[in-house]
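Below you'll find the structure, written out as structure tokens, and then a few comments.
Read the figures in this text as sums done on the coordinates, not as results from a lab. Remember, it's a predicted structure, so these values are computed and weren't measured experimentally. Cβ sites come from the backbone with ideal geometry, for glycine too, and all protein chains shown count toward neighbours.
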Amino acid sequence: MEVRGESTAVSLEVGCVRPTQLGNVSLRQYLSNRSLGGGLEANSDGTTHLPEVRARLESGPCAAAHSPLAETNGFLQLRLHGYRASFLMSSLRNLAHFLEDDSAPQVLPMEISVRDTHIDLKDDGPRDNPSDPNPITLHISNLLIHRTDDGAFSIGVENASEAGPKKEVQLIDSGLSPVPESVVSSTPKATQTPSPPSPSTTPSNKEQLLIEENECLKLELSKAKMALAEAQMEKDSLLHRMKSLKVNSS
């Protein structure tokens with residue numbers, strides 16, 4: 001975060017973005033996955049990659065250099081470079097419900113740059129053909145999106161001279177000076193003592209038993225939730241049948 005007078009800027013870098021999608025699953029599968037949970041897979045190759053996502057939000061007088069409206073509403077810069085992911089069509093369709101809004105949105109001037117991005121789209125919807133369709137691969141080599149003060153979007157490409165490393169540096173570096181960080185120790189120097197050595201990270205037998213018992217309890221909780229969901233579905237089915245019988249008898 002950078003602050004200079006009334007101008008502020010917040011920068012964000014994300015090294016790796018991997019979506020977790022459940023897709024079209026039954027209630028029983030959803031409760032089972034939600035109870036047991038699943039950790040995200042870590043990057044096992046140990047290599048260092050450039051950030052896939054870079055974002056910068058500016059506001060204040062310095063943001064007026066981009067557009068007059070940016071001084072009050074802010075200006076967003078987004079860089080999506082070298083991103084690779086797979087999305088289910090059902091996930092993208094469900095996102096439309098969150099984008100619908102009856103009220104007029106506030107115009108936020110922005111600049112979005114997308115380069116060397118590969119996205120695989122897989123159709124997981126119901127179909128008559130039992131064979132799985134081949135995923136659709138979307139490759140964006142160079143794309144630049146601008147939003148002006150009137151709310152209109154313009155789509156183009158970056159110039160070859162602007163798509164180099166200089167453009168990357170401009171996202172992070174600006175005329176704003178960062179706020180200096182100061183660290184104050186609460187212990188006087190005369191009384192400072194070395195920190196005690198950290199205990200061994202190897203769990204003891206008692207801790208190992210507690211971990212195993214916790215996993216067993218999670219499994220039992222998952223089974224109980226699935227049984228409860230099945231009982232609820234049977235109850236709804238019986239109520240529906242009773243209503244149908246009443247209608248037929250009348």
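Structure data summary
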read-out	value
Computed lengthening from Leu245 to Asp123, 0.36 nm per intervening residue step minus Cα-Cα distance	40.0 nm
Per-pair calculated FRET efficiency, R0 = 30 Å: Val107 and His139 via Cβ, rounded to 0.05	0.45
Simple spin-label estimate for Asp132 and Val17 in nanometres, 7 Å along Cα-Cβ	2.5
Cut-off 10 Å between beta-carbons: net charge of the residues surrounding Ser59, Lys and Arg +1, Asp and Glu -1	-3
